[in-house]
Amino acid sequence: MELSQDTKNILGLQLPTDPRWVNLAEISLAEILTDHAWCEQKAANTCISLIQKYNDREKLVAELSPIVTEEWGHFRLVLAEIQKRDLKLGKQRKDEYVNALLEFQKKGGALEDRLLDQLLTMALIEARSCERFKRLSEGLNDPYMKKFYRRFMESEAGHYTLFIELAETYIDSGKVKKRWKEWLAFESEVIKNLEVRGDRIH
């Protein structure tokens, strides 16, 4: 499978989403909406956690505070879409993709290394989410849902770059770039080994 230019140049992702995923997602739209809603909720919670943990990093606090509001707003948008369709918000499910990324994070050692990995994890999740939303915005048959996911795609692209910029604010840019390459290589293996399912965003 060849890399698309947008995936390679804009997001840096080494492995694009399997084209079958969009078709499966369209069949399982109720499940995708539920999973999407919880992804937005978890993103807001993670930003809150970072603010609490690194409250002495003024730029991090200032930059992530509005992201909390935005992510929670996204949760509400998806929830409204679910309710409009007379669907129910289902339960959160185990996120195998995110859990695999969390396992790759450095847990001990220097605080700087832990902060770097936490920020790069978020950058990667946002980048992959952006790529998935782009696939939905281009591949779904419903024009309304294409526009719905185009909006999310544009937002996630901005979030991805913010987490990279925050990492470079507090950590040497050379170190950030080196670790980011390691993360991208690891993430491609995660994607390669995950089952292609249409009931989840990741």
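The values are calculated or read from the model by the stated rules, or taken from the named source; none is laboratory data. All values reported here derive from a predicted model rather than from experimental measurement. When we count neighbours, we look across all protein chains shown, and the Cβ atoms used for this are built from the backbone with ideal geometry, even at glycine.
Points worth noting:
- Pair list, Cβ under 7 Å, 6 or more apart: the range 16-30 residue under 17 Å from Arg150 (Cα atoms), other residue acidic (Asp, Glu): Thr17/Glu131
- Residue among Ala127, Ala100 that alone is modelled with pLDDT under 95, part of a helix (DSSP H, G or I) and closer than 30 Å to Glu81 by Cβ: Ala127
- Of everything listed in (1) crowded, with 18+ Cβ neighbours inside 10 Å; (2) within 19 Å of Ile201 (Cα to Cα); (3) under 19 Å from the mean Cα position of the chain (by Cα), the single unmet condition for Leu140 is (3).
- Within the range 111-122, residues that are β-branched (Val, Ile, Thr) have Cβ atoms under 6 Å from residues that are in a helix (DSSP H, G or I) and at pLDDT 95 or above in these pairs: Thr121/Leu101, counting only partners at least 6 apart in sequence or on another chain.
- Residue in the range 1-33 that is farthest from Glu154 (Cα to Cα), counting only those that are at pLDDT 90 or above and among the β-branched types (Val, Ile, Thr): Ile27
- Contacts under 8 angstrom Cβ, first residue in the range 142-171 being free of Cβ contacts under 8 Å to residues at least 40 places away in the same chain, partner part of a helix (DSSP H, G or I) and surrounded by fewer than 14 Cβ atoms within 10 Å (Cβ to Cβ), 6 or more apart: Lys146/Glu138
Let's see how each residue does on (1) in contact with a helix residue (DSSP H, G or I) (Cβ under 7 Å, 6 or more places away or on another chain); (2) at pLDDT below 95; (3) on the phi < 0 side of the Ramachandran plot:
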residue: Phe152; (1), (2), (3): yes, yes, yes
residue: Thr169; (1), (2), (3): yes, no, yes
residue: Leu184; (1), (2), (3): no, no, yes
residue: Arg200; (1), (2), (3): yes, yes, yes
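- Top-ranked residue in the range 77-110 [being basic (Lys, Arg) and under 17 Å from the mean Cα position of the chain (by Cα); ranked as nearest to Trp180 (Cα to Cα)]: Lys94
- Scan of the range 157-202 for residues that are of a type in the set (Gly, Ala, Ser) and over 22 Å from Glu70 (Cα atoms), ordered by number: Ser173, Gly174, Ala185, Ser188, Gly198
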